[in-house]
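The values are calculated or read from the model by the stated rules, or taken from the named source; none is laboratory data. Given the structure is predicted, the values throughout are model-derived calculations rather than measurements. Counting neighbours? That spans all protein chains shown, and the Cβs are built from the backbone with ideal geometry, glycine included. These accessible areas exclude ligands, DNA and RNA; they are computed on the full protein's heavy atoms, side chains included. Shrake-Rupley method; radii C 1.70, N 1.55, O 1.52, S 1.80 Å.
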Amino acid sequence: MKQYGIDSREALDVVRGGFQAGADLSGNMLSNMERYAPIFKDMKLDGSQLAAILAQTRSGIFNEQGLQMMQMATKRLREMSASTKKSLEELGISTDEWNEKLVNGEANFFEYLQEISRRLGQLPQESNEVGNVLKDVFGRNGAAGVMELVKYFGDMTTSLDEVKKKTGEVGELHDQHVEKVKLLNKEVAALFD
């Protein structure tokens, strides 16, 4: 609520959507929301987009290390050192063009990371360009696991509705459960009030 300047109803909708999308399977969705909300706000992503990304973080290739890499990359893209600029230019990304898009609000840092990810995916993993971008943008050496994380950025969605669709019946059942617990609590309160 504090990070995004939203009221409690909006915040609860985001949290509920995150639960429906399966973002809490590891049991740390709320702590991750609290921990990563500032960086996602800095990336110009809202609360539901944060929940969507967290839902895709719960297991498999993309994990909490991926969130930390996003944080590092955003910081380095914002600072834009000479080596970061050179690495991105060698990858074929115009840093001046992206800076203009960011300033004008035409794009956000997550879209920038997705573009970098897509470009990296077009090159051999062993190339100098890939190694330089991994080091200068993501702060990591070119280990295979790191490259897999970075490639995954390009395939991620920030749409909570899309992520919830993937959970299918489980998400719907969770939503029904929440509604029934709410109704039960209301009835119990009426009985004992």
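Observations, loosely collected:
- GNM result for the chain, Cα springs below 10 Å: residue of LEU25, LEU50, LEU67 fluctuating most strongly: LEU25
- Surface analysis of the chain yields an accessible area of 57 Å² per residue, using protein heavy atoms and a 1.4 Å probe.
- Global geometry of region 76-169, whether rounded, prolate or oblate, following the gyration tensor of its Cα atoms and the 1.5 cut on a/c: oblate
- ASP7 - accessible surface, heavy atoms, 1.4 Å probe, Å² rounded to 10: 80
- About the Cα centre, charge dipole magnitude for region 1-152 (Lys/Arg +1, Asp/Glu -1 at Cβ), debye: 320
- Share of carbon and sulfur in the accessible area of the chain stands at 49%, probe radius 1.4 Å.
- Ordered from longest to shortest, the equivalent ellipsoid semi-axes for the chain are 37, 18, 13 Å, each the square root of 5 times a Cα gyration tensor eigenvalue.
- Shape call, region 8-79: gyration tensor on alpha carbons, a/c limit 1.5: oblate
- Largest GNM mean-square fluctuation across ALA11, ALA107, ALA82, computed for the chain with C-alpha springs under 10 Å, falls on ALA82.
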